[in-house]
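Student: The structure that follows is given in the form of structure tokens.
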């Protein structure tokens, strides 16, 4: 069963891909399935951010600072994108760490 993603979920781009940016949009080749994926400019920025492990909250904060979007909408859209990317093996999801 997939992990439910939250703002505290940490994600990182999988090592099993090849990606580049063409005309401001990311093009990603998933090595597991041999399929090319394209991301729009906002998705491309997300992709750049998750090349290093980050929480979805950290990514949301960056997107809100750079684009005209509310934090709630940015997080909701990011969770959808991250779920899709994880399902395709393009990002890895780390379990949420309990708070102390």
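The values are calculated or read from the model by the stated rules, or taken from the named source; none is laboratory data. Predicted, not measured: the structure shown is a model, and the values here were computed from it. Here Cβ is always computed from backbone atoms with ideal geometry, including for glycine, and neighbour counts include all displayed protein chains.
Student: Look through 91, 79 and report the one residue that is under 12 Å from residue 6 (Cα atoms) and either modelled with pLDDT of 95 or more or surrounded by 12 or more Cβ atoms within 10 Å (Cβ to Cβ) (or both). Before you say what the answer is, go through the steps one by one.
Tutor: Working: 91 fails: under 12 Å from residue 6 (Cα atoms).
Going through 91, 79 in turn, just one is under 12 Å from residue 6 (Cα atoms) and either modelled with pLDDT of 95 or more or surrounded by 12 or more Cβ atoms within 10 Å (Cβ to Cβ) (or both): 79.
Student: How many of the residues in segment 37-57 are farther than 15 Å from residue 26 by Cβ and surrounded by 17 or more Cβ atoms within 10 Å (Cβ to Cβ)?
Tutor: The first filter runs over segment 37-57 and keeps only residues farther than 15 Å from residue 26 by Cβ, leaving 52-57.
Next cut, surrounded by 17 or more Cβ atoms within 10 Å (Cβ to Cβ) only: 54-56.
Summing the residues that are farther than 15 Å from residue 26 by Cβ and surrounded by 17 or more Cβ atoms within 10 Å (Cβ to Cβ) in segment 37-57 gives 3.
Student: Examine segment 17-35 for a residue that is assigned to a helix (DSSP H, G or I) and surrounded by fewer than 17 Cβ atoms within 10 Å (Cβ to Cβ), and state whether such a residue exists. Spell out the reasoning first.
Tutor: First pass over segment 17-35, keeping only residues assigned to a helix (DSSP H, G or I): none.
No: zero hits.
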